[in-house]
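The values are calculated or read from the model by the stated rules, or taken from the named source; none is laboratory data. Because the structure is predicted, anything quoted here is derived from the model rather than measured. Neighbour counts are summed over all protein chains in view; Cβ atoms, including those assigned to glycine, are modelled from backbone coordinates with ideal geometry.
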Amino acid sequence: MIYYTGDTHGSPSKIVMLCEERTLSSKDTVIILGDVGANFYQNEIDEEVKCIFSSLKPTIFCIHGNHEIRPANIPSYKTKLWNGGQVWYEDDYPNLLFAKDGEIFEIEGIKHLVIGGAYSVDKFYRIVRGYGWWPDEQPSDEIKKYVEKQVRENSFDVILSHTCPYKYEPTETFLPGIDQSTVDTSTEEWLDAIEEVAEYKAWFCGHWHINKRIDKMHFLFHGIETNDMI
């Protein structure tokens, strides 16, 4: 079974509870739609999070969010082919996988296109206070070109992203005090163009800290859905 859920922000408790309540096994896959929180501090705090995830039986498959370092920038990560696409992993945590943006992964017969990243509306707050912020949080031009090529040349069933297409932005979740004219929506606008031409059965995203569904667009935070719902 495939389980889809939203951001964990360094707190694996939701995933631990899921594994215990539903008795998940190594045959299952849990997909976290970005902001996992396992690559944030690059110290013992990250290691503790990774140890908890690696103690679980299912594969933990992660999309890149905006509140974490890209594994490509961390020396301990390696790449390998997994279910048809490239993933990043560490030897010490073999069941914790981070998807390369633009790759297509076939899991239980369902093909998933991955598109990670988003803009941080709390960017300047984090910079001023010395918290983690990374300039490559959004997809680069290279990633965008690769995704567009994948959409043109391949078929898939599901799109997994961190943020959502601009037309679906849940404005009710906008943070008070944030001047929306200062927010970079280029990723969401680009996803609009992807959504207009892509053929898909379901689209899952995190980022917005809401559980909601609009047409084929599934927003997940604490909620958990399975491939039976596609």
Restricting region 10-29 to residues that are closer than 19 Å to L97 by Cβ and hydrophobic (A, V, I, L, M, F, W, C), the residue that is surrounded by the most Cβ atoms within 10 Å (Cβ to Cβ): I15
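Okay, residues lined up against (1) under 23 Å from P75 (Cβ atoms); (2) hydroxyl-bearing (S, T, Y):
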| position | (1), (2) |
| --- | --- |
| I15 | no, no |
| T23 | no, yes |
| G37 | yes, no |
| E44 | yes, no |
| P58 | no, no |
If you check I107, I115, which single one turns out to be of a type in the set (A, V, I, L, M), in contact with a helix residue (DSSP H, G or I) (Cβ under 7 Å, 6 or more places away or on another chain) and surrounded by 12 or more Cβ atoms within 10 Å (Cβ to Cβ)? I115
How many residues does region 57-76 contain that are under 19 Å from F105 (Cβ atoms) and either crowded, with 18+ Cβ neighbours inside 10 Å or modelled with pLDDT under 95 (or both)? 10
Regarding E195, is this residue touching a Phe, Trp or Tyr at 6+ places or on another chain (Cβ under 7 Å), acidic (D, E) and either surrounded by 15 or more Cβ atoms within 10 Å (Cβ to Cβ) or assigned to a strand (DSSP E or B) (or both)? no
Looking across region 170-187 at residues that are in contact (Cβ under 8 Å) with a residue 40 or more places away in the chain and touching a Phe, Trp or Tyr at 6+ places or on another chain (Cβ under 8 Å), the single one that is surrounded by the most Cβ atoms within 10 Å (Cβ to Cβ) is T187
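Which one of these is surrounded by 23 or more Cβ atoms within 10 Å (Cβ to Cβ) and either aromatic (F, W, Y) or assigned to a loop (DSSP other than H, G, I, E, B) (or both): V87, V36?
Answer to the check: V36.
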Out of all the residues in region 120-127, is one or more charged (D, E, K, R), closer than 13 Å to H207 by Cα and out of contact with any helix residue (DSSP H, G or I) (no Cβ under 8 Å at 6 or more places or on another chain)? yes
Residue list for region 90-108, filter: among the hydroxyl-bearing types (S, T, Y) and closer than 21 Å to T187 by Cβ: none
Six or more apart or on different chains, Cβ under 9 Å: which pairs go from a residue in region 1-17 that's under 22 Å from E108 (Cβ atoms) to one that's in a loop (DSSP other than H, G, I, E, B) and polar (S, T, N, Q)? Could you list them? G6/N211; K14/T8; I15/T8
Counting just the residues of region 118-142 that are hydrophobic (A, V, I, L, M, F, W, C) and assigned to a loop (DSSP other than H, G, I, E, B), which one comes out nearest to the chain's Cα centre (by Cα)? A118
Any pair with Cβ under 6 angstrom, 6 or more apart, that starts in region 121-149 at a residue that is under 17 Å from E68 (Cβ atoms) and ends at one that is among the β-branched types (V, I, T): V121/I178; V121/V183; W133/I127; W134/I69; Q138/T187
